[in-house]
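Just below is one structure, and these are the notes that go with it.
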Amino acid sequence: MPSLASEFSGIETTIKDHQQDLAGAQAMVKSVFVLDGSTPVPHAEFFCGVFNKTGQTANSAVFYLDNLPAGKYSVALLDANSAKGRTMLSLVLQQAGTDWKLAGLYIKAAQVAGHDSDWFLARAREYKAKGQLHNAYFFYTEARSLISPLNFMSTLATDKLYDESQSAQPSDMPANGKTVDLSTGTATYKLTAVFPEVVGNDLDLIVKYQAPDISNTNLAYQNNVAVIKGIATKYPEVRDAFAAVVARAVDPAGRDYGTLLAMKDVK
């Protein structure tokens, strides 16, 4: 589509980042959905497939898209299997006359360090049984991410995982626009998001917080380290679950400054 044709660097970077995952891969189409977005709305929800009285069924899906330009779209979901494992590849296409043109490309590994969604689900249940609800919730989140090729798509499987994870959702974590205060020493930081993320072959914990200014990178680094240490102190269970913590100071304009600290170095 024209917006991608004029600025293709994002998709180019995505492909390069997953070049090793896709090398020699054999692709198989899992499913294709058509989304009729001819009537633009700020928040569009597309219900595809057959639903029953309790919600989704095995072959249904729901797509959630904001500010989607008017048009007819298709979402093609593929599995690409190689020696590196299974990679989920998703194409979003937009109809232009009789042609279908690329509107988006999303690539996600179905495993982290050799572990798939089922492994993370099993660990989440173990953490929940031990009363470590923060680790349990983070691992539920990762299990749901690894089972879904797109973060704006839900299925029967992701809905079930979401429902199960609600009983483990901690009340002291930021969610739905609500910030949470983290006090370290004399400073208090407003956390806006805490979530797991794959960095290389590791699963790290990402912590975002509000910062009035990040132009002084020395000060931003010191604040990031303080936040990392504060997280590990307040929630000591995360030390056993994650390889590192990444703190990101985010200014009012949305710019951020990040610092990664390996868990073994968090004193």
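The values are calculated or read from the model by the stated rules, or taken from the named source; none is laboratory data. What you are looking at is a predicted structure, and each value in this text was computed from that prediction instead of being measured. Here Cβ is always computed from backbone atoms with ideal geometry, including for glycine, and neighbour counts include all displayed protein chains.
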Determine, yes or no, whether Tyr162 is in contact with a Pro (Cβ under 8 Å, 6 or more places away or on another chain) and either within 30 Å of Leu77 (Cα to Cα) or among the acidic types (Asp, Glu) (or both). no
Could you go through the stretch 102-121 and let me know if any residue there is on the phi > 0 side of the Ramachandran plot and hydrophobic (A, V, I, L, M, F, W, C). yes
Restricting to the stretch 1-16, count the residues that are without any contact (Cβ under 8 Å) to a residue 40 or more places away in the chain and either touching a Phe, Trp or Tyr at 6+ places or on another chain (Cβ under 7 Å) or not in a helix (DSSP H, G or I) (or both). 2
What strands (runs of 3 or more DSSP E), lying completely within the stretch 45-158, carry at least 1 residues that are farther than 30 Å from Glu7 by Cβ? 71-82, 85-96
Among the candidates Ala168, Ala136, Ala143, residue that is buried (at least 18 other Cβ atoms within 10 Å of the Cβ), closer than 30 Å to Gly230 by Cα and in contact with a Ser or Thr (Cβ under 7 Å, 6 or more places away or on another chain): Ala143
Across the stretch 247-267, which residue is surrounded by the fewest Cβ atoms within 10 Å (Cβ to Cβ) among those that are closer than 15 Å to Leu182 by Cβ, among the hydrophobic types (A, V, I, L, M, F, W, C) and modelled with pLDDT of 95 or more? Val250
Working only within the stretch 194-233, note down all residues that are at pLDDT below 95, of a type in the set (A, V, I, L, M) and touching a strand residue (DSSP E or B) at 6+ places or on another chain (Cβ under 6 Å). Val198, Leu203
Inspect the stretch 17-33 for any residue being closer than 25 Å to Thr87 by Cβ, part of a helix (DSSP H, G or I) and of a type in the set (S, T, N, Q) and give the result as yes or no. yes
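For residues that are assigned to a helix (DSSP H, G or I) and closer than 17 Å to Gln132 by Cα, scanning just the stretch 161-175, find the one that is nearest to the chain's Cα centre (by Cα). Give the steps one after another, and end with the answer.
So in the stretch 161-175, the residues assigned to a helix (DSSP H, G or I) come out as 161-168.
Those left that are additionally closer than 17 Å to Gln132 by Cα: 164-168.
Working: Glu164: 18, Ser165: 16, Gln166: 17, Ser167: 20, Ala168: 18 Å.
It comes out as Ser165.
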Could you tell me how many of the residues in the stretch 47-66 are closer than 16 Å to Ser148 by Cα and either surrounded by 15 or more Cβ atoms within 10 Å (Cβ to Cβ) or in the same structural domain as Ser154 (by TED's automatic domain parsing) (or both)? 7
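Restricting attention to the stretch 55-73, which residues are in contact with a helix residue (DSSP H, G or I) (Cβ under 8 Å, 6 or more places away or on another chain) and aliphatic (A, V, I, L, M)? Talk me through it step by step, then tell me what you get.
Start the filter on the stretch 55-73 by keeping residues that are in contact with a helix residue (DSSP H, G or I) (Cβ under 8 Å, 6 or more places away or on another chain), which leaves 55-58, 60.
Hit for the stretch 55-73 is Ala58, nothing else.
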